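Asks: First the structure, which I've put down as structure tokens, then a few questions once you've had a look.
The values are calculated or read from the model by the stated rules, or taken from the named source; none is laboratory data. Keep in mind it's a predicted model, so treat the numbers as computed, not measured. Note that we place each Cβ from the backbone using ideal geometry, even for glycine, and neighbour counts take in every protein chain shown.
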Amino acid sequence: MFFLRRTETRRTAMSHAARSAPDEQPLLSMGFLLRTMAVIAVLAVLTIAISIGGRWFGRHISLAGNTDSTAEIKLAIGRDTVKFPENAIRFPSQRHEGFAERVDLYLTWPEMQGYGKENHLRFDDIAQSSALIFLQITQSTMSRDMSGRLEPIYSHLLEGPAEPFRNGLTLHRLRADAGYGDEVLLTAPVKGGPDYVVRCILPSAPDKAAGGDCQRDIKVGRDLSVLYRFSSSHLDDWEHIDAAIRTFVGARLVNRSATTP
């Protein structure tokens, strides 16, 4: 009897051990480890992507439509072909090669340079916009530029006596019904050429000058009209600005003509 009880006891113990054996699994199974490693790998890839994407997105947000690329863009405007650096072209939609009705540029004065890391505040900060010159280049639609329109057009729209201004300029007031609002006409003789002519909205005080309150247009190349705007705070440099713009555009003409220096 004693032997039978011991045998039965051993069988019972073995039976309990057999039933409990399947429940004794490893704490970390191979499947769990593989899934964990896969999740870690995915997170690592996402972290790298976010880092790279964040830098790219942040850079483009900070550029705000500007670019510091100096790659040249070749444009055909009317009968002229020109090449301008990307960072001088104002609008992203115009930074592609081919035919164009117009191109808008912005340049620092007096450096005549486009957007860059070293001068980005002059483009980004509206308070510093007076340090920029804005150009709009199109095919000519008129036979005369602003200087050429002085005698046949502007001279018939003036009223009152001419007034000495500064740095060789003379101020002329336009009639109220001429359609030019608060603009005045400034002229100056140019040796060996037609008079310099520019229209401006003069500020009530020098420190209130806007970034583009003076405008003038000139002819360059075969058939280009270059309308440029600058701050009246730079009127003392009128002669240098005019020459710099002629040189800047003329040097980037693929074709040259007698109107290009």
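Asks: Among the residues of region 183-190, is there at least one that is in contact with a Pro (Cβ under 9 Å, 6 or more places away or on another chain), surrounded by 17 or more Cβ atoms within 10 Å (Cβ to Cβ) and not charged (D, E, K, R)?
Replies: Within region 183-190, not a single residue is in contact with a Pro (Cβ under 9 Å, 6 or more places away or on another chain), surrounded by 17 or more Cβ atoms within 10 Å (Cβ to Cβ) and not charged (D, E, K, R).
Asks: Ok, one more. I want to confirm something. Restricting to region 105-131 and keeping residues that are modelled with pLDDT of 95 or more and exposed (fewer than 14 other Cβ atoms within 10 Å of the Cβ), which single residue is farthest from I73 (Cα to Cα)?
Replies: Per the criteria, the residue is P110.
Asks: Ok, one more. Tell me, which residue of region 136-161 that is small (G, A, S) and touching a residue at least 12 places away in the same chain (Cβ under 8 Å) is nearest to H234 (Cα to Cα)? Write out each step before concluding.
Replies: First, the residues of region 136-161 that are small (G, A, S): 140, 143, 147-148, 155, 160.
Filter once more, keeping what is touching a residue at least 12 places away in the same chain (Cβ under 8 Å): 140, 147-148, 160.
Details: S140: 26, S147: 19, G148: 23, G160: 26 Å.
Result: S147.
Residue by residue, here is whether (1) among the polar types (S, T, N, Q); (2) under 16 Å from Y106 (Cα atoms) holds:
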position	(1), (2)
G192	no, no
D195	no, no
C200	no, no
Y228	no, yes
W238	no, no
A244	no, yes
A251	no, no
N255	yes, no
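Asks: Then there's this: Take the conditions hydroxyl-bearing (S, T, Y), within 23 Å of S129 (Cβ to Cβ) and touching a helix residue (DSSP H, G or I) at 6+ places or on another chain (Cβ under 7 Å) and apply them to S231. Does it pass? Steps first, answer last, please.
Replies: Working: hydroxyl-bearing (S, T, Y): yes; within 23 Å of S129 (Cβ to Cβ): yes; touching a helix residue (DSSP H, G or I) at 6+ places or on another chain (Cβ under 7 Å): yes.
Yes, satisfied.
Asks: Give just the number: which of (1) touching a Lys or Arg at 6+ places or on another chain (Cβ under 6 Å); (2) free of Cβ contacts under 8 Å to residues at least 60 places away in the same chain does R222 not satisfy?
Replies: Among (1) touching a Lys or Arg at 6+ places or on another chain (Cβ under 6 Å); (2) free of Cβ contacts under 8 Å to residues at least 60 places away in the same chain, the lone unmet condition for R222 is (2).
Asks: Is at least one residue of region 155-168 crowded, with 17+ Cβ neighbours inside 10 Å, closer than 23 Å to V226 by Cα and either in the same structural domain as D242 (by TED's automatic domain parsing) or among the aromatic types (F, W, Y) (or both)?
Replies: no
Asks: What number goes with the only condition from (1) modelled with pLDDT under 95; (2) surrounded by fewer than 19 Cβ atoms within 10 Å (Cβ to Cβ); (3) of a type outside the set (S, T, N, Q) that F91 does not pass?
Replies: (1)
Asks: Please verify whether region 138-154 includes one or more residues that are closer than 28 Å to I89 by Cα, β-branched (V, I, T) and at pLDDT 95 or above.
Replies: Within region 138-154, one or more residues are closer than 28 Å to I89 by Cα, β-branched (V, I, T) and at pLDDT 95 or above.
Asks: Please determine whether any residue of region 207-215 is in a helix (DSSP H, G or I), at pLDDT 95 or above and surrounded by 15 or more Cβ atoms within 10 Å (Cβ to Cβ).
Replies: The first filter runs over region 207-215 and keeps only residues in a helix (DSSP H, G or I), leaving 207-208.
When the remaining residues are screened for being at pLDDT 95 or above, the result is none.
Among the residues of region 207-215, not one is in a helix (DSSP H, G or I), at pLDDT 95 or above and surrounded by 15 or more Cβ atoms within 10 Å (Cβ to Cβ), which makes the answer no.
Asks: Can you name every residue in region 82-116 that is of a type in the set (S, T, N, Q) and touching a residue at least 24 places away in the same chain (Cβ under 8 Å)?
Replies: N87, T108, Q113
Asks: Any residue in region 182-206 that is assigned by TED's automatic domain parsing to the domain that holds R166 and free of Cβ contacts under 8 Å to residues at least 40 places away in the same chain sitting within a Cβ distance under 7 Å of a residue that is among the charged types (D, E, K, R) and in a strand (DSSP E or B)? List the pairs, counting only those 6 or more apart or interchain.
Replies: Qualifying pairs under 7 Å: E183/R199; V184/R173; L185/R199; T187/D195; P189/D195.
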